[in-house]
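First up is the structure itself, then whatever we jot down about it.
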Amino acid sequence: MKKSILILCLLMIIGLFTPDASFAANTESSITDREINTATKQFLYGDWKIKEFIGFQNNIEGNKDNTEELLGKIVDVAMNVFSTGEFDSEYKKYAEFVWVKQYNVIDNLTGKEFTSKYKVSENVTKIKADDSIQVIQPEPEEDSNASAEIIMIDVNNERLLICLNGEYFELGKNIWTENDMNIDIYDPYVSNDGFYQVEYHNNEAEKVSEEDSIRLLMINGGFVPNPDIKIIKNNAFVPIGVVSELLGAKVDWDENTKIIDITDGATRINLTVNSNKVSINNNIKIIDTTPIILDGKIYVPVRFVAEALSADVEYISKFSKYEDWKKKTVSNVSIVTIEKANKKEKMYSVEEGLMKVKDVSVENYNDLLNFFKVCNRTFDDNCQDYDPQDIVYTNQTVGRYYVYRLNSFPDFNIYFNKYTGEIYSQCDGLPFLSINKGFINISWMYQ
């Protein structure tokens, strides 16, 4: 369930104060409020992180040290609320709770028109003259207690900026959460549109055609929505930002030289598009695969980049099976796992994980017995009794998860996170593959 539903209990919300009279001028009656279109909604709605402080508005002084504290904080832009889930009391100067009636485009400009009208330097916002700019403002519900104006700047439906008290920040879509294994994959017959529907933890979803393979990417225990994995000559490639930035690295790109610079602490990696010569901390190395550009995006070989950033990579070609009913063929869901663990974290052993899974299994079994007692039911030939402690380790792992199995229900894997102790399980239902937090819902099967 999306965090915006739970945000009501959090009282700290970002307020975007009017940084200049030019912002206030945009709310005059001479400008017609326009609700955002469908494409912009798809871009705008979701969880965002404050990714980068990009500068102060002209003629406004500020303390950059304070702004750095906001980096990584979550901004939630939902259909009916604008909020943040991680702001602390010390950020009250940005705080506001806004129930949103709708989001309106209060200005539709070119980049040049925007920087001129709003008196903002191109160097501050990194907005180009020919960019397409939408200045978006939520229209509060009548009972909203909003006391500050909220301004978001949509650049080409590709970048989202916000301005907080004259301080400009770049937002990045929070598409991934560490240690979150929730996923559901539906067959094409469910939507009847010829696409597999892959749904992730934060309501992000992607469609995969029947002709394409379903490929998943897991980084540090969390599935990455829309990973856009390409398999080229038996090597997996992903867009440069997917693997590098989610592992905490910074990426710079020189369009003229086609050089990619990846920095992570003391590690610096230089790659060049279509070149197999790379540099790691000034040590030259030849690799088998080269970065490439496809459809305007830079793709890098997953294994090389992840391992250069001190992460472990595993490719699981048969993570799950799915059937094409029309062609009467069975294919496999594949998964690439990347692990860059925090060495300070406690790690459960396989045996410790097994004991914890057994404990939860017994709890669920007792719940089932109570359910039967309330319903005046007993085990029978269709719903036979089972041993809740008859659980085995499969000798398999998926990233940081040990894979166990309850022998009475061998079709439903149980995944134990060796760092957090959390349990995820495969579930029965409409999705042909469904993994959710918690133990197998045995009671549901017996209803």
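Taken together, the residues in region 174-193 that are at pLDDT below 80 and either in contact with a His (Cβ under 9 Å, 6 or more places away or on another chain) or in a loop (DSSP other than H, G, I, E, B) (or both) amount to 4. Only strands (runs of 3 or more DSSP E) whose full extent lies in region 378-447 are considered here, and the ones with at least 3 residues that are modelled with pLDDT under 95, of a type outside the set (Phe, Trp, Tyr) and surrounded by fewer than 20 Cβ atoms within 10 Å (Cβ to Cβ) are 433-437. Of the residues making up region 213-222, those that are in a strand (DSSP E or B) and farther than 12 Å from residue 319 by Cβ are 219, 222.
The residues in region 265-280 that are part of a loop (DSSP other than H, G, I, E, B) and either in contact with a Leu (Cβ under 8 Å, 6 or more places away or on another chain) or surrounded by 13 or more Cβ atoms within 10 Å (Cβ to Cβ) (or both) can be counted, and the count is 3.
The listed residues are 113, 158, and the only one of them that is surrounded by fewer than 15 Cβ atoms within 10 Å (Cβ to Cβ), at negative phi, among the acidic types (Asp, Glu) and in contact with a helix residue (DSSP H, G or I) (Cβ under 9 Å, 6 or more places away or on another chain) turns out to be 158. Only residues that are of a type outside the set (Lys, Arg) and touching a strand residue (DSSP E or B) at 6+ places or on another chain (Cβ under 9 Å) were counted across region 338-348, and they come to 4. Among the criteria (1) touching a residue at least 24 places away in the same chain (Cβ under 8 Å); (2) touching a strand residue (DSSP E or B) at 6+ places or on another chain (Cβ under 9 Å), the one residue 241 does not fulfil is (1). For region 198-212, the tally of residues that are within 16 Å of residue 323 (Cα to Cα) and either in contact with a helix residue (DSSP H, G or I) (Cβ under 6 Å, 6 or more places away or on another chain) or not in a strand (DSSP E or B) (or both) stands at 3. All but one of (1) in contact with a helix residue (DSSP H, G or I) (Cβ under 8 Å, 6 or more places away or on another chain); (2) free of Cβ contacts under 8 Å to residues at least 40 places away in the same chain hold for residue 418; state the number of the condition that does not hold. Of (1) in contact with a helix residue (DSSP H, G or I) (Cβ under 8 Å, 6 or more places away or on another chain); (2) free of Cβ contacts under 8 Å to residues at least 40 places away in the same chain, only one is false for residue 418: (2).
Okay, residues lined up against (1) on the phi > 0 side of the Ramachandran plot; (2) in contact with a Phe, Trp or Tyr (Cβ under 6 Å, 6 or more places away or on another chain); (3) part of a helix (DSSP H, G or I):
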{"site": "306", "(1), (2), (3)": "no, no, yes"}
{"site": "310", "(1), (2), (3)": "yes, no, no"}
{"site": "315", "(1), (2), (3)": "no, no, no"}
{"site": "343", "(1), (2), (3)": "no, no, no"}
{"site": "352", "(1), (2), (3)": "no, no, yes"}
{"site": "360", "(1), (2), (3)": "no, yes, yes"}
{"site": "363", "(1), (2), (3)": "no, no, yes"}
{"site": "373", "(1), (2), (3)": "no, no, yes"}
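Which of the residues that make up region 283-321 are free of Cβ contacts under 8 Å to residues at least 12 places away in the same chain and loosely packed, with under 12 Cβ neighbours inside 10 Å? Those that are free of Cβ contacts under 8 Å to residues at least 12 places away in the same chain and loosely packed, with under 12 Cβ neighbours inside 10 Å: 283, 284, 286, 295, 296.
The values are calculated or read from the model by the stated rules, or taken from the named source; none is laboratory data. Keep in mind the model is a prediction, meaning the values are calculated, not measured. For neighbour counting, all protein chains shown are included, and Cβ atoms are generated from backbone atoms with ideal geometry for every residue, glycine included.
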